[in-house]
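What follows draws every value from the coordinates through simple rules; no lab data is involved. Predicted model only: the values in this text are computed from it and were never measured. We place every Cβ from the backbone using ideal geometry, glycine too, and count neighbours over all the protein chains shown.
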Amino acid sequence: MRGSPTLRKPRLVIANRLPIREKVYGVIRNYILNGDIPAGERLIETQLAKKIKTSRTPVREALHLLEKEGLLEAIPRVGYRVKKLEFSEVEEICQIRTVNEILAVRWAIHRITPKEIQALQQNIMNTEIELNNGNPLSFVEFDAEFHEILVRASGSERLLELCQLLRRHMMRYRIKAMMRADVVRRAIQGHSRILERLKEKDMEGVEKAIAEHLEISKGEIQRYAFAQNGQE
C-alpha cells in the first residue's frame, strides 16, 4: 500500500512523458517541412496543443527543440515563428556538408564492411521501387538512411551527429523538389555513383561523387524552393 504512490509517479514522468514530447516534436516538424506551417508564421502554443490534442508542456518542449534545430526562431516576449527560407543558408549548408561527408568517406573507405555496402545497395534498390510505384516522397527517409550508413561507417559518432543535423536543416529546403520524380531519380543516380566509387575504393572518385551530388541538390533547391518566389 505504502509503495504504490512511489511506483505510479515514475511511470508518468519517464514512461509516458518522453514519447509524447517526441510525438509532438515529430508532428510539428512535419508541418513545417511539408509547408503546412509556412515560413514566417508565428506558432502559438495553445493553438498547436489544441490541434494536436495534447497539453502545452510537450508543445513548448518541442518548439524549443525545433529552435535548436534551426527550423524556428525565438521572438522575445512573443514566442516562436518559422524561419524564412534563405538561399544563402542553403549554400552554406551544402559547403559544410560537402567537407564533412568527404571527411566521413576518407575514414570509411578502408573500414566499411560488406554488410554496410550491401545495406547501401539495398537502400538504392528500395528507393527505386518506391519511385516506380509513384511515391517519390519516400526518398526523404531513404536519403536519410543512405547518408547515415555512409557516415556511420567512418566510425565517428560526433561526425555522424553533425552530418545528421546538417541534413535535417537542408531537408526543409529540399522537400518541394523531392515531390518530383525526375529530381528523385537524379538523386538516386548520385547515390549510385557514390556507392560505385566506394566499392572500388576510389578515394578521388568518391569525393568527387559526393561533391557533385550535393551541388546538384543545391541546384534543385534553387530551382524549386526559390524560383517560385522570384528568389533565383
With label points set 7 Å from each Cα along the Cα-to-Cβ direction at Gln122 and Glu161, the distance between them in nm comes to 2.8 nm
Whole-Å distance linking the alpha carbon centroid of region 35-98 with that of region 100-143 is 29 Å
Provide Rg and Dmax in Å for the chain, with only Cα atoms included in the calculation. 20.2, 69
Picking from Ile221, Ile44, Ile28, which is most flexible by a Gaussian network model of the chain using Cα springs under 10 Å? Ile44
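Over the chain, what is the relative contact order in percent, taking alpha-carbon pairs closer than 8 angstrom and at least six residues apart?
Here the relative contact order equals 20 percent.
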Too-long pairs where the Cα-Cα distance tops 19 Å, listed order kept, from Lys23/Lys53; Lys23/Lys50; Lys23/Lys51; Lys50/Lys83; Lys23/Lys83; Lys176/Lys208: Lys50/Lys83; Lys23/Lys83; Lys176/Lys208
Taking the chain and counting helices only, DSSP H stretches of n ≥ 4 at -39,500 (n - 2.57) each over all residues, the nearest-500 ellipticity at 222 nm comes to -22500 deg cm²/dmol
FRET efficiency, Thr46 to Lys84 (Cβ-Cβ, R0 22 Å, nearest 0.05): 0.40
Counted charge near Ser154, where neighbours are those whose Cβ lies closer than 13 Å (Asp, Glu -1; Lys, Arg +1): -1
